[in-house]
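The values are calculated or read from the model by the stated rules, or taken from the named source; none is laboratory data. Just so it is clear, the model here is predicted, and its values are computed rather than measured. Note that each Cβ is placed from the backbone with ideal geometry, even for glycine, and that neighbours are counted across all protein chains shown.
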Amino acid sequence: MALKHPILAGNARIKQAAENSPPLAQGETGTGVSLLQAALLDLGYKLPTSLRKTGAPDGIFGSETHSVVMEFQRKESLAKKDGIAGRDTLERIDARLLAASPPKIPVPASVLPPSTSEYQIGSADPAIRHDAGAGPWNSRPKTALALVQRECVLEILPPRGVSAGILIGEDAARHMKYYLDGSGRPLIIDLESMVRNVPSARKRFLNEVSQAKTFVEALPAGTHAITSKRGEGGYNSKSESTNWFFAIGGYTSWGRGSAKITRGAPLREYELAFEYRFYDRYNWDAGKKVTIAGVVVSDEFMGEFHLQGLAQEFDCVGSIKRTFTWKQGQPIPAVQLQGPGGR
């Protein structure tokens, strides 16, 4: 039987132990032992020696952990009561953890804005809604398993390591670390980079500029503030960019600006100070997961970090500003995007 708890099932050493190849036993150290200790703590067992140094599981399979595993095996009436965490013991721990987990709070389906975006006179941003996310922040008690897993994820993220930046991308690693830091404050993203590197995001940006141009050309001479009536949804797919798939995924964007129309001779002239605006709520969509340095980072426990107050969802915002000038019947000049690192 495969393990079902997302944290246990996502750890390579625990999965090996659950296949008895080899099991976890006295003398071993490492993350697998830390997760075993955390699971026993979450099930109500005491490990005072293992928590003595830092208050967190120390990852050392010593005599205390051996004794507690034997205690668990006796209470569960397992055939073997040898203090070794192999297939039967880990499958029973897995089942007990799942049984003790609080039921998931149902959340409504994401409400995406309409797929069309028309302009109107005005300067206010349209009303923007985000999906429900994991649920209420810090609404569940903290578990030792989640605490250990959070540390595992932090260990593989910059600046302590570079592997995550290489495997999922610089922006994805940056956003993940910001989520785990737990401030909940808005983050300004590198929107120039996203639009430059993701074909569908560039198309969405150019389409917004085109919509604004069409609206401006229908206005009378004078100066006018213009704004989108509604936001329009976009999505960075994994096939386009692993980095921006994990950094953002789905998002909403719109435009606004100030247009000046003059009666030139013989053609009208237009000047548009345009701002392309972006919004997303950073939360983990169902079905997202990535393996980094042997740690499976999935939406299941990433959302659980938020519910336990060990991370916090946050707003991602950004904008691109450009001024365009053109004459009646002419296209807008080609849009130039800043190079690497430009914001």
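Candidates in region 93-108 are the residues that are more than 15 Å from residue 72 (Cα to Cα) and β-branched (Val, Ile, Thr); of these, the one that is modelled with the highest pLDDT is 105.
Please tell me if residue 255 is surrounded by 16 or more Cβ atoms within 10 Å (Cβ to Cβ) and within 23 Å of residue 122 (Cβ to Cβ).
Yes: the conditions hold for residue 255.
Every listed requirement among (1) modelled with pLDDT of 90 or more; (2) in a helix (DSSP H, G or I); (3) not polar (S, T, N, Q) is met by residue 164 save one, (1). Counting residues in region 226-237 that are in contact with a His (Cβ under 7 Å, 6 or more places away or on another chain), buried (at least 22 other Cβ atoms within 10 Å of the Cβ) and over 30 Å from residue 269 (Cα atoms) gives zero. Looking only at residues of region 277-316 that are over 30 Å from residue 206 (Cα atoms) and among the hydroxyl-bearing types (Ser, Thr, Tyr), we find that the one that is surrounded by the most Cβ atoms within 10 Å (Cβ to Cβ) is 298. Scanning region 266-313 for residues that are at pLDDT 90 or above and in a loop (DSSP other than H, G, I, E, B), we see that the one that is farthest from residue 237 (Cα to Cα) is 268. Among the residues of region 235-243, none qualifies, meaning not one is without any contact (Cβ under 8 Å) to a residue 24 or more places away in the chain and farther than 30 Å from residue 167 by Cβ. Among the residues of region 290-335, just one is in contact with a helix residue (DSSP H, G or I) (Cβ under 6 Å, 6 or more places away or on another chain) and over 25 Å from residue 247 (Cα atoms), namely 332. Could we say that residue 27 is at pLDDT 95 or above and surrounded by fewer than 16 Cβ atoms within 10 Å (Cβ to Cβ) here? Yes.
Exactly one residue out of 333, 340 is modelled with pLDDT of 75 or more and either in a strand (DSSP E or B) or of a type outside the set (Gly, Ala, Ser) (or both), and it is 333.
Only a single item in (1) over 31 Å from the mean Cα position of the chain (by Cα); (2) of a type outside the set (Phe, Trp, Tyr); (3) outside any strand (DSSP E or B) is not met by residue 243, and it is number (1). Going residue by residue through region 205-224, is there one that turns out to be at pLDDT below 95, assigned to a helix (DSSP H, G or I), among the aliphatic types (A, V, I, L, M) and under 30 Å from residue 307 (Cα atoms)? Scanning region 205-224 turns up no residue that is at pLDDT below 95, assigned to a helix (DSSP H, G or I), among the aliphatic types (A, V, I, L, M) and under 30 Å from residue 307 (Cα atoms). Among the residues of region 35-72, the ones that are within 15 Å of residue 90 (Cα to Cα), of a type in the set (Gly, Ala, Ser) and in contact with a Pro (Cβ under 7 Å, 6 or more places away or on another chain) come to 1 in all. Looking only at residues of region 201-215 that are of a type in the set (A, V, I, L, M) and in contact (Cβ under 8 Å) with a residue 60 or more places away in the chain, we find that the one that is nearest to residue 298 (Cα to Cα) is 206.
In the condition set (1) touching a Pro at 6+ places or on another chain (Cβ under 7 Å); (2) outside any loop (DSSP other than H, G, I, E, B), residue 230 is compliant with all but (2). Taking the criterion of being modelled with pLDDT of 80 or more, among the aliphatic types (A, V, I, L, M) and within 21 Å of residue 33 (Cβ to Cβ), would at least one residue in region 110-121 satisfy it? No, there is no match, as no residue in region 110-121 is modelled with pLDDT of 80 or more, among the aliphatic types (A, V, I, L, M) and within 21 Å of residue 33 (Cβ to Cβ).
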